[in-house]
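Derivation of every value follows stated rules applied to the coordinates shown; laboratory data play no part. Just so it is clear, the model here is predicted, and its values are computed rather than measured. Neighbour counts are summed over all protein chains in view; Cβ atoms, including those assigned to glycine, are modelled from backbone coordinates with ideal geometry.
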Amino acid sequence: MKNRLHLLPLLMFLLAGALAAQGISFHGSARNSIYAYESDKSHTRFFQYLNFTAVSPCKHLALNSNIRFLTDANQDLDNDLRFRAFALNLEAKNLLHNRLNLVFGRQFLHPGTTLGALDGLNARYAFSQKLSLQLYGGVESISSRAFKVQKLEDATVLGGMLQAKKIYSSAAQLFYLRKADSDAAYWQIAGANFDSDLIPWFHLRLQSHYDLENERMHRLLFNASRSFNDKLAAFLEFKQQNPQVYANSYFTIFEVKPYSRLRAGADYELLPGIAVEAQYHHLMLDQESADRLLLSLNNDDGSLGLLYETGYTGDQISAFFNYGYEVLPRLIASLYVDYSRYRTETVYEYDDQLANAARLGYTLGRWNVIAEYQWLTNRFAESDARFLNHITYRW
């Protein structure tokens, strides 16, 4: 089985040629990854990823896939670990004079709020270029994304979203989402989202989501960003949110309280291609608070920065460096270094942690090869070393 999976890129190349001869457009990528590490014992894991779209000659039907195969050279794995499907669906698009799109199968959805993966049917109908309606239903995908489908009575999902866009440089969404098992609904949420670029150089985002099961506001968000000129941009954001706790969850025994977070930041271009970034976060809980400050110097090749955190979430000061350089044509070397000095509570002493990664990447035509060595040192592990390799073919 291991040897057959290693031939996956070659098989996809041959399949692409066969489908092209039938007038079927076939594009995507196949990747083979090796991950070697030690936990309680040594592990060498082989991952194969297959991501493709096959489009029929009429252009109205497409098969989409994003699946993963796993083999461990040192351990036998069950099928739930070995085979996973992140997406596997059949799509019918541009029906009824380009107004209707249908997707059936496993798919990732974010219909105005967090849903995740759905095993079912997703339909979108466009009344015009500015107004559309999305309806979907099925079962929530199993959390491991294994090749299994949950029973309809255990994880039913129904919902929809009405969207208006390109109206005075703005867009608005109204949505409803319901999750239920055989007893009753355990998650119901309704809300509205609004984005606007009506004011030049200014973007506004508003979100208001209401938890119908627990009869409380689930999420409030206000974000305003402004580009003052070609060099300076800034943003301000306020968010208040309750944890997402399902009515059938064990965590309902705890008292749930919302948190509020204030974020502000700015980017300024010091020189062509070189910018400085600053962000400040203030987290507010019931009787506690925490602060976070980030400063970094960035260009197209990497960044250098400092991070400072204090308060309820712990104390930390860290310095990080991330940089890539083309040492030869198509050969890029990169290095990541992160040093942290931290403590989770004030009664503890500070601990040190050093995390590093060195990578080489080479691209030749449709092929890309990456080799990365990672190592970590902290009070739990004097040396934790790992090796990662990717070989990717795109067509």
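Structure notes:
- Tail fraction, Cα-Cα pairs, region 136-250, threshold 17 Å, whole percent: 66
- Cα-based convex hull, region 173-240, per residue volume (Å³, whole number): 86
- Förster radius 45 Å - calculated FRET efficiency between Asp40 and Lys151, Cβ distance, rounded to 0.05: 0.80
- Peptides ranked, highest mean first, by Cβ atoms within 10 Å: ranges 106-113, 78-85: 106-113, 78-85
- Orientation-averaged projected area, Cα convex hull of region 77-145 (nm²): 5.1
- Kirkwood hydrodynamic radius over Cα pairs of region 281-336, then Stokes diffusion coefficient at 25 °C and 0.890 mPa s, in µm²/s: 183
- Label zone at His97, where the point sits 7 Å out along the Cα-to-Cβ direction: region 119-148 residues whose backbone N lies under 11 Å: 128
- Exceeding the 29 Å Cα-Cα cut-off - candidates Lys165/Lys257; Lys179/Lys239; Lys41/Lys179: Lys165/Lys257; Lys41/Lys179
- Whichever lysines have a C-alpha closer than 24 Å to that of Lys59, once near sequence neighbours (fewer than 8 apart) are set aside: Lys93, Lys130
- Only helices enter this figure: runs of n ≥ 4 DSSP H residues, each worth -39500 (n - 2.57), summed and divided by the residues of the chain, yield -1500 deg cm²/dmol at 222 nm to the nearest 500.
- Region 86-394, relative contact order in percent, only Cα pairs under 8 angstrom and at least six apart counted: 6
- Over the chain - Rg/Rh using Cα atoms and the Kirkwood inverse-distance radius: 0.97
- Debye equation applied to the C-alpha atoms of region 37-99, log10 I(q)/I(0) at 0.23 Å⁻¹: -0.94
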